[in-house]
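What follows is one structure encoded as structure tokens, with my remarks underneath.
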Amino acid sequence: MGQNTVRIGCGCGFWGDSAAGPAQLVRMGGIDVLMLDYLSEITMSLLARARRKRPELGYATDFVTAVMTPLAREIAERRIRVVTNAGGVNPSGCRLALQAVLEQLGVRLAIATVTGDDVTAELAQLREAGATDLETGGILPEKVVSANAYLGAFPIAQALRDGADVVITGRCVDSALALGPLIAAFDWQASDLDRLAMGSLAGHIIECGTQATGGIFTDWAPVAAAWGDMGYPVVECSADGNFTVTKPTATGGLVTPATIAEQITYEVHDPAAYILPDVVCDFTDVRLEDLGSDRVRVTGARGLPATPDYKASLTYHDGFRCMATLMIVGVEAVMKAHAVAAAILARAERLLAGAGYASYGATSVEVLGSESLYGPHGKAASAREVVLKIAVAHADEAALELFSREIFPAATSMAQGITGFAAGRPAVQPVVRLASCLIAKSRVTVQIEVDGRVTSCCGATAPAGWGTSVAAVAGAKGAAQVQHADRVWSQPAGAGAEAEPAGAGTEAQPATTFDIKGPAVEVPLIRLARGRSGDKGDTANIGVIARRREFMPAIGAALTPQAVSAYLAHLVTGPVERFDWPGLNGWNFVLRRALGGGGIASLRYDPQGKSYAQILMDFPVRVPAEWTIPGGLADVADSWAAQPRC
């Protein structure tokens, strides 16, 4: 794959993404590599359950049926490499299904699988050695649905070097799907830390598909007209690691420093120590340069030595849950909804006790349309049309079947205006929780198979002596900057030597105080910043990026961890951390115990914190009154300010 520039397009950000994405990139993207990301922790548990029912399943079937079946011939003709984690918990089953399709089509593509991520057999020894849940510190679950290590990019690179046209992996870090092809193309080594960090950043930006091209962008209005034909992201990567983000021409969406900056903050905790299997990334000084015409140049990521461990994600059953929704219309709809919820729960509890069941393990009531997610900051208590959501959890499935039967009687025995039962009785679902732990890379054997031939096995990819413990990385604040200043390992000539793009300026540091001379007013944070939120298990993060560097002192003084914790106290029960992100003129907030368990363990309507950045955008920030007058600093000349509601 040796060449000067590699174009990688991501046509899938999750299992369920539109099949139009891969087709667009294959036919219009001019790409060398098609990257397809299907996996999440929830998806892994669903695939594990599917394989238990039918051993030939356990992979993302859409990859074979909706992507490769219609596109395989064009992929072969255009000599596009395909790299995907669609293998889920059964990469071999995915390969067999794809082989059958290719044989029917008469298309010849060499297929590789990367396996070894399943570490279920190692759990007993890990428990005996004292391994604990990284998030809670508790013991690891005895019985798991799935247990998979997050593998890195070097096995993918090896498969491509060995002649694979299609590489199918199980669980790996999402960004490795882009980094692997770059390692193969440019012959990067484990010692090329800055290049590995840049390649990881390229993968991180595009791994969620159209989120990088204006999807779920704070300033949504300029993109909305083209939501129906969004362009999928493409990175043009060079051998020095620097790259440009773009999208196919004549497609919808928006690629600007603002859209890319939002995506960079997505699902990151400490931007100075983003731990991946192949490298620990420092994204704090990343620079974004607007080249115009939906092109943004990205530079400035730095790499630290990889840790000696993989992170492993474990999913396990923890009882059952049931969630019901019904609409309530009319005057005092919010009050009626709360009364209906209380009555349904009281009646169900009485029937539970009569049948000999224990009480519910947890309950959740949300009145959608009344701004219940905003808690004490809500402003829609007088709404006349709401959706009532009631969710309950119990260790016994039969107890929840009883709850499910008690929803419909509300239509004749409770408030007038109840409707919305068209979907039938709510289903009882298993609760799947997430745990995670570390496993030494030396305990994991990664197997690479190309067209049925085992070509390589490898464990840890970093050279001996290069390992940095996760505790050392996470425990030393500022360690990334210190180690960059005094490197003791070999840095390739020219790495990181690119000139800083104009306007990137990281000299503005976040302030903890902000003195206002003269009259002051409060404005919502959205006037001063953009935001993006995401999830990792029961932890949420909110990236906040100042619209102008001049706004940083005001935002930094107002948006302290304590202030954010208090503002979101109705949602977040754990601590809140703030990490400075000077390169993006922003901050990253990490919120622990913020999602009611997260994923499909949560009883909340938003179990992944997708709304949290939007909620925080209403946070009041005191600024000089002169900023808000026409032509003042807060009269920002961007897409949001042009909207009448601002």
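Since every read-out is calculated from the coordinates, none of them should be taken as a lab result. All figures in this text were calculated on a predicted structure; none of them were measured in a lab. FYI the Cβ positions are ideal-geometry reconstructions off the backbone, even for glycines, and counts take in every protein chain you see.
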### Stretch gain in nm, segment A395-E56, where the contour uses 0.36 nm per residue and the Cα spacing is subtracted
119.0 nm
### Task
Quick one: which residues, 5 or more positions from V431 or on another chain, have an amide H under 5 Å from its amide H? H modelled 1.01 Å from N in the peptide plane, none for Pro or chain starts.
D318, G319, F320, R321
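What is the gain in length, in nm to one decimal, between A423 and E626 on full extension, counting 0.36 nm per residue of separation less the C-alpha to C-alpha distance?
On the way: separation 203, 0.36 × 203 = 73.08 nm, distance 5.33 nm.
Fully extending the segment from A423 to E626 adds 67.7 nm.
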## Note on the structure
Going residue by residue through the stretch 545-551, the Karplus relation 6.51 cos²θ - 1.76 cosθ + 1.60 with θ = phi - 60° gives ³J(HN,Hα) values, rounded to whole Hz and with x marking Gly or Pro, of 10, 5, 5, 9, 4, 5, 7
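Cα-Cα pairs above 18 Å in the stretch 331-416: how many percent? Intermediate values should be presented prior to the final figure.
Values: 1679 of 3655 pairs.
Within the stretch 331-416, distances greater than 18 Å cover 46 percent of Cα pairs.
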### Task
Please name which of V365, G375, H394 has its Cα lying farthest along the dipole of the stretch 331-416 towards the positive end, using unit charges on Cβ (Lys, Arg +1; Asp, Glu -1) and the Cα centre as origin.
G375
## Note on the structure
Placing one equal point scatterer on each C-alpha of the stretch 520-628 and summing with Debye, one gets log10 I(q)/I(0) at q = 0.12, 0.16, 0.18, 0.21 Å⁻¹ equal to -0.39, -0.66, -0.81, -1.05
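Just to verify a number: FRET efficiency for K143 and D515, C-beta to C-beta distance, R0 = 60 Å, to 0.05? Don't jump to the answer; show the numbers that get you there.
Values: r = 58 Å, r/R0 = 0.97.
The calculated FRET efficiency here is 0.55.
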### Task
Could you give the size of the charge dipole of the chain about its Cα centre, using +1 on the Cβ of each K and R and -1 on the Cβ of each D and E, expressed in debye and rounded to the nearest 20?
1080 debye
### Helix-only CD estimate at 222 nm, as mean residue ellipticity for the chain, using -39500 (n - 2.57) per DSSP H run (n ≥ 4)
-7500 deg cm²/dmol
### Message
From the C-alpha coordinates alone, can you work out the Kirkwood hydrodynamic radius of the stretch 268-404, in Å?
### Response
19.7 Å
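Please rank R52, R593, R78, fewest neighbouring Cβ atoms within 10 Å first, as an exposure proxy. Mind showing how you got there, number by number?
On the way: R52 12, R593 18, R78 15.
Least to most surrounded, the residues fall as R52, R78, R593.
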### Query
Hey, what do the phi angles of the stretch 198-212 turn into as Karplus ³J(HN,Hα) couplings, whole Hz, using 6.51/-1.76/1.60 and θ = phi - 60°, x for Gly and Pro?
5, x, 5, 5, 4, x, 4, 5, 9, 4, 9, x, 6, 4, 8
### Query
Ranked by Cβ crowding within 10 angstrom, fewest neighbours first, how are L123, L47, L291 ordered?
L291, L123, L47
### Query
How many nm is it between the label spots at A569 and E522, if each spot is 7 Å from the Cα in line with the beta carbon?
1.5 nm
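According to the square roots a ≥ b ≥ c of the eigenvalues of the Cα gyration tensor, what is the shape class of the stretch 368-429, taking rounded for a/c under 1.5, prolate for a/b larger than b/c otherwise, and oblate for the remainder? Kindly include the intermediate steps, with their values, before the conclusion.
Numbers: a/c = 2.82, a/b = 1.50, b/c = 1.88.
It is oblate, given that a/c is not under 1.5 and a/b is not larger than b/c.
Too long at a 31 Å Cα-Cα cut-off: which of K311/K379; K143/K536; K247/K389; K441/K610? Show your work: numbers first, answer last.
Working: K311/K379 42 Å; K143/K536 21 Å; K247/K389 39 Å; K441/K610 33 Å.
Pairs exceeding the cut-off: K311/K379; K247/K389; K441/K610.
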## Note on the structure
Most packed first (mean Cβ within 10 Å per residue), the peptides 405-417, 319-331 order as 319-331, 405-417
### Task
Could you list the residues of the stretch 50-68 with an amide nitrogen less than 18 Å from a label point located 7 Å from the Cα of S92 in the Cα-to-C-beta direction?
50-60
### M230 long-range amide H proximity, modeled H, under 5 Å
G252
### Query
Any idea how far apart E371 and A440 come out in nm if each label point goes 7 Å out from Cα toward Cβ?
5.5 nm
### Task
Let me know the shape class of the chain, please: from the alpha-carbon gyration tensor, a ≥ b ≥ c as square roots of the eigenvalues, rounded when a/c is under 1.5, otherwise prolate if a/b is greater than b/c, or oblate.
oblate
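Fully extended, how many nm does the chain gain between A226 and E128 (0.36 nm per residue separation, minus their Cα-Cα distance)?
On the way: separation 98, 0.36 × 98 = 35.28 nm, distance 5.46 nm.
Residue separation times 0.36 nm, minus the Cα-Cα distance, leaves 29.8 nm.
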### Query
Relative contact order, percent, of the chain when contacts are C-alpha pairs under 8 Å separated by at least 6 residues?
14 percent
